[in-house]
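Undergrad: After the structure tokens below, expect a handful of questions from me.
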Amino acid sequence: MKLAHLTWKDVDVLARDIVVVIPTGSLEQHGPHLPLMTDTLLATAVAEAAEARLVEEVLLTPTLWLGASGHHLKFSGTLSAGFDVYMGAIRDIVESLLPHGFRKFFLVNGHGGNAEPNGVAMRQLKARYPNSQFGHANYYTFAEKAVSDRLVGPAKTMRHACEAEASMVMYLRPDLVRTEKLRDDGLQPVPAVLGMVHHFDEISEEGSLGYATLATPEKGKAILDAAVDGLVANLRALAQGYVFEGE
Ligand SMILES: [Zn+2]
């Protein structure tokens, strides 16, 4: 069910063990070839497709489009929330629904920069409301195998405005892809060093990371389908309930 399409009377009579799904995206630069709404578009598409298959089990909120994108702010047009405001928005959405009895919450994230604050926000909520259930995952985590199987460039994981993201936007919104501007981009530290935090203007010439020139809509569909299948299985398990077994 889509929260935004319901009336308050409709919400009032919902089963309280329905899984509240909150997609999180961004409005940030995605190179010269993809739109600023890329992460929001993709997280929304995956979450809406999952909701369509789990209408009775899922209550889908509108996508939080304002992400934690401080590492992209050197590029024009990027809009970002600071971490406190971003995590506060997540907490406030959840704390609007908790007093009405909803108790299962799951964030479906489309932007790498949101992953850590999503985790912190969920842990803070779990500490405050230990009898409720809180979870979060990046939609592309459910499609890791499809991504590594399908990508033909040297990078076999999701990067940024990359072969995978460009493929998915080509499939969903070809009108928003600047095909003539598709580019391969990304700078490596020399000598190699792990564990560093970088801003995108340090590690990319034009804002992207990966091999977007290899993108195709077919690849995009395959990755999105895998993400939806994985998310549906996960949300179904959460809706039905699970137990802990073993030692
Ligand atoms: Zn992205």
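Undergrad: With axes computed from alpha carbons, what is the tilt in degrees of helix 163-172 against the longest principal axis of the chain, rounded to the nearest 10 within 0 to 90?
TA: Compared with the principal axis, the helix lies near 60 degrees.
Undergrad: Please turn the phi angles of the stretch 237-243 into ³J(HN,Hα) values with the Karplus equation 6.51 cos²θ - 1.76 cosθ + 1.60 (θ = phi - 60°), one per residue in order, whole Hz, x for glycine and proline.
TA: Ordered by residue, 3J(HN,Hα) equals 4, 5, 5, 6, x, 9, 10 Hz.
Undergrad: Work out how far the C-alpha atoms of the stretch 73-115 reach from end to end along every principal axis, then list the three figures in whole Å, largest first.
TA: That gives 42, 17, 14 Å along the principal axes, largest extent first.
Undergrad: Find out how many positive minus negative residues lie around residue 207, taking Lys and Arg as positive, Asp and Glu as negative, among other residues whose Cβ is under 15 Å from that of residue 207.
TA: -4
Undergrad: In addition: Using the 10 angstrom Cβ neighbour count as an exposure proxy, how do 19, 11 rank, fewest first?
TA: On the way: 19 24, 11 15.
In increasing order of surrounding Cβ atoms, one gets 11, 19.
Undergrad: In addition: Once both labels are modelled 7 Å past Cα along the beta-carbon direction, what's the residue 79-residue 124 spacing in nm?
TA: The answer from the label model is 2.2 nm.
Undergrad: Taking the stretch 159-205, which trypsin sites (Lys or Arg not before Pro) meet the DSSP loop condition and have no more than 15 other C-beta atoms within 10 Å?
TA: Listed in order of number, the matching sites are 178.
Undergrad: Using the 2.2 N^0.38 Å rule of thumb for compact globular proteins, work out how the stretch 139-247 stacks up: its C-alpha Rg over that value, please.
TA: Dividing the Cα radius of gyration by 2.2 N^0.38 Å gives 1.29.
Undergrad: Ok, one more. Can you show me the helix-derived [θ] at 222 nm for the chain, built from DSSP H runs with n ≥ 4 at -39,500 (n - 2.57) apiece and divided by the number of residues, rounded to the nearest 500. Mind showing how you got there, number by number?
TA: On the way: 8 runs with 98 residues, N = 247.
It comes out at -12500 deg cm²/dmol, rounded to the nearest 500.
Undergrad: Mind putting a number on the dipole of the stretch 87-162 about its Cα centre? Charges go on the C-beta only, +1 for Lys and Arg and -1 for Asp and Glu, and I need it in Debye to the nearest 20.
TA: Here the size comes out at about 160 debye.
Undergrad: How long are the semi-axes of the equivalent ellipsoid of the stretch 15-240, defined as square roots of 5 times the Cα gyration tensor eigenvalues? Whole Å, largest first.
TA: On the way: eigenvalues 179, 82, 44 Å².
Ellipsoid semi-axes (Å, largest first): 30, 20, 15.
Undergrad: Within the stretch 24-61, which GluC sites (Glu not before Pro) sit in a loop by DSSP and count at most 13 neighbouring Cβ atoms inside 10 Å?
TA: Here the GluC sites (Glu not before Pro) that fit, given the DSSP loop and packing criteria, are 56.
Undergrad: Separate question: If one takes the longest principal axis of the Cα atoms in the chain, at what angle in degrees, from 0 to 90 and to the nearest 10, does the Cα axis of helix 112-128 lie?
TA: Orientation of helix 112-128: about 20 degrees from the principal axis.
Coordinate-derived values only; no laboratory data. Values in this document were obtained by computation on a predicted structure and should not be read as measured data. All Cβ positions, glycine included, derive from the backbone under ideal geometry; neighbour counts span all protein chains shown.
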